[in-house]
Every structure is written in structure tokens, then in C-alpha cells.
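The values are calculated or read from the model by the stated rules, or taken from the named source; none is laboratory data. Nothing here was measured: the structure is a model prediction, and the numbers come from that model. Ligands, DNA and RNA are stripped out before the accessible areas are found, and what is left, the full protein with its side chains, is counted by its heavy atoms. Shrake-Rupley method; radii C 1.70, N 1.55, O 1.52, S 1.80 Å.
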Amino acid sequence: DTVRLAFMAMSDETQEAIDFQLDYLKNGKNPKIVLTSLIKLAHKLPSKPFIELFEAEEFKRQIVDFLRVIGDKSAVDALIGKAGAELTVEKITRLSELENRKYDEEQYHASLLVAIATLRDPRALKIITTALDMAIELENKGYGNRLAEAAGTALEILFNRHFGFSYAYNRPREPKELKSAGTPNNRTKEAYETFKKWYSANQNKAIDILVLKGYEDLGYKITSTNDADTIKELVLGLSDSFHPLRVNSCKELIKRVGASFRADVALDPFATPREYQEVRALYNVWLEENIEKFKIKD
């Protein structure tokens, strides 16, 4: 508790504080506390110290999250490489045949799939769809269902982030008591077939066009130009109840205005509306000082 409170009180923005915590982490002292303290600044940190810690069994899932937020080339390559090595036919088959479930390993695979889905890296698509193919082939064997759910979620995240707000992989989320229309794998298989048809029809369309179409379908007036009204609409989108719209609004603002607030939220596939409210508040303050820089529509 003393260590946790000390890190919470520390001025993380100073290089001295960051260097101290990285050194503390390298020495294996309270790693989860250090990672919790530093995650908001992960996008400012070098990836090398965390890649070196990738093999640490006791907190490897936290390292996955950290590399996802850092997001530089080394971090992306490390995550893609690790996911490709972990999600093999041999390992998946072995896990599906075990009588005693290895939940930690299954959760690690799920965290890898979700992490690579946020990277906007084309290599992620092959890993995720390969995992789905294996899960469907395993039918209803223990880990097959778990993998199908994780890979399905990852594919949905990937396409909602990379291709705007496509409904290509919008899996049903009905209450548990109503989940009787087939097994998880059967539902996933049907949605997967829908996705493949959508991808075949839309894969050659420009991402920017698909994103603008997503906003239009949801009633937002977003144009390809960076006028003041568009910027204000994007800031408003940070509070929308539709999660993919919040994510894309954050990405669009970073791209269009060059200002980034709480990048860890923008890259977190499960960030809450409350966290996005903080991002919106920061952008509103920034807008008060900078909105005149943008062209006002006639």
C-alpha cells in the first residue's frame, strides 16, 4: 500500500519520475503497481524496456496492454510476432483437448487478439481470421468457444476502428436467458460469413470514405475538410453512446488537429464513457484557444 500511494503521488510527467519507475520495474519490484502508474503515459515511453519484459509470466498480460498503447513500430512488431507465435494450430488444439482448463493462457490469447486488433496493421487480420477458422473447426470443444468469442470480438474491434463503423461483425448481445439460437460457435460462424461478404464488397474502398459514411449513418455532419463545425461535431462524438464512434472521433481529432489527450483511452477497446468525458473536456478547453485556426463554413 505504501508503494502504491507513493507512485500515485509521484509527478509522472517528469523524466526523472519516469526513469525511476522504469528502473524500479526492471528490478522486478511491484511490477503491476508500476504499470498501473505509468499506463497513462505509455504513449510517451520507449517500447524496448517493455518488450524485454514480455516473457515475464506473472504480468505478461499487462505488458501486452502497455505495448498496445505505446504503439511504435517495435511495439507493433513485438505484439504481432507474439500473437502469431502463440496462436498456432498446435497450441490451440492442445488447449482445446486439456481436461483441466488453463484459464490464464486462454485469457492471454484473448488479450493478444484484442491488442493486435487496435493496431491498424494488416498483419492482424490474418492472425485474427486464422484464430476464428481454428475455433470454428474445433466446434464446441472447451477452448474452441472461448477462442471464437475472443477472436470475434477482436475482428469487430479491428473493423470498427480501421474501416469506420461497418456492421460487418456486429455479434448479437442478447441477455443470457435468451441465448438459445445455437451454440456460440454457430452464432460466430454465421457472423463470420457476413463479415467475409462485407469485406469482399468493401475492401478496396478508401478508409476515409468509409469513416465519413459511418458518421453520416449515425446522424453526424462530418466533412472531409477541417472546418470548425466538423471539429465541434467530432468533439461531440466523444460522448456518443456508440463505442466505435467515440473511438473514431478520438482518432479523427488526433489526425485533424494534431492534439492528443489521453491516448491510452483512444487505444483502449474497452474504455468507458466516463473516460471519454475526460478526453472531451480536455478537447473543449483546447478548442476555446484554437478554434479560430479552422476555416468556418459559409
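Here are the numbers for this structure:
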{"read-out": "GNM top mover of 60, 141, 102 - the chain, alpha-carbon springs below 10 Å", "value": "102"}
{"read-out": "Surface per residue (accessible, 1.4 Å probe) for the chain, Å²", "value": "52 Å²"}
{"read-out": "Rounded, prolate or oblate (a/c below 1.5 giving rounded, otherwise prolate when a/b exceeds b/c) for segment 241-298 by Cα gyration tensor", "value": "prolate"}
{"read-out": "Cα gyration tensor, segment 60-109 - rounded (a/c under 1.5), prolate or oblate", "value": "oblate"}
{"read-out": "Mean Cα-pair separation over length for segment 239-298, i.e. relative contact order, pairs under 8 Å, 6 or more apart, %", "value": "32 percent"}
{"read-out": "Candidate residues 188, 14: accessible-area rank, largest first, probe 1.4 Å", "value": "14, 188"}
{"read-out": "The chain, accessible surface, carbon-and-sulfur percent (1.4 angstrom probe)", "value": "52 percent"}
{"read-out": "Anisotropy class of the chain from Cα gyration tensor, a/c 1.5 cut", "value": "oblate"}
{"read-out": "Residue-level accessible surface for residue 270, protein heavy atoms, 1.4 Å, Å²", "value": "130 Å²"}
{"read-out": "The chain: relative contact order as a whole-number percent, Cα under 8 Å and 6+ apart", "value": "13 percent"}
